[in-house]
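To start, the structure under review is shown below, and the notes come after it.
The values are calculated or read from the model by the stated rules, or taken from the named source; none is laboratory data. Quantities reported herein were computed from a predicted structural model and do not represent experimental measurements. Cβ atoms come from the backbone with ideal geometry, glycine included; neighbour counts cover every protein chain shown. Areas reflect the complete protein model, heavy atoms only, side chains present, ligands, DNA and RNA absent. Shrake-Rupley method; radii C 1.70, N 1.55, O 1.52, S 1.80 Å.
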Amino acid sequence: MAFLDDMADEIAQMALADEARSGDDQIVANVGEILGASSQTLQEAYNTAIRVRRAEKRARQLLTERMQKHKARTAD
């Protein structure tokens, strides 16, 4: 269901942005609990979106670091 995934991803992005801005590492869990109280389906989609976005961020960081190291080695 595209609507559900889109909604969950939007909320996930908002929660991750709030976590980054505020430093409150509990906001992601708190939002998940609120969602789960009303809709387990939305909570599961949200949790998936959180995991996917965090995994993407880690992968991009790793690849960026590798690219920078490669550029530094080839610049010498």
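Pairs, please: C-beta under 7 Å, at least 6 apart or cross-chain, first residue under 14 Å from Leu42 (Cβ atoms) and in segment 1-24, second basic (Lys, Arg) and surrounded by 14 or more Cβ atoms within 10 Å (Cβ to Cβ)?
Sorted first by the residue in segment 1-24, then by its partner, the pairs are Ala12/Arg53.
Does segment 29-44 contain any residue that is outside any helix (DSSP H, G or I) and either open to solvent by 60 Å² or more (accessible area, probe 1.4 Å) or touching a residue at least 12 places away in the same chain (Cβ under 8 Å) (or both)?
no
Are any residues in segment 45-76 under 19 Å from Asp25 (Cβ atoms), without any contact (Cβ under 8 Å) to a residue 40 or more places away in the chain and of a type in the set (A, V, I, L, M), and if so, which ones?
Within segment 45-76, Ile50, Val52, Ala55 qualify.
Residues are listed down the side, and each one gets a yes or a no for (1) of a type outside the set (S, T, N, Q); (2) under 28 Å from Ala2 (Cβ atoms):
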{"residue": "Ala17", "(1), (2)": "yes, yes"}
{"residue": "Ser22", "(1), (2)": "no, no"}
{"residue": "Ile27", "(1), (2)": "yes, yes"}
{"residue": "Gly32", "(1), (2)": "yes, yes"}
{"residue": "Leu42", "(1), (2)": "yes, yes"}
{"residue": "Ala45", "(1), (2)": "yes, yes"}
{"residue": "Arg51", "(1), (2)": "yes, yes"}
{"residue": "Lys57", "(1), (2)": "yes, yes"}
{"residue": "Leu62", "(1), (2)": "yes, no"}
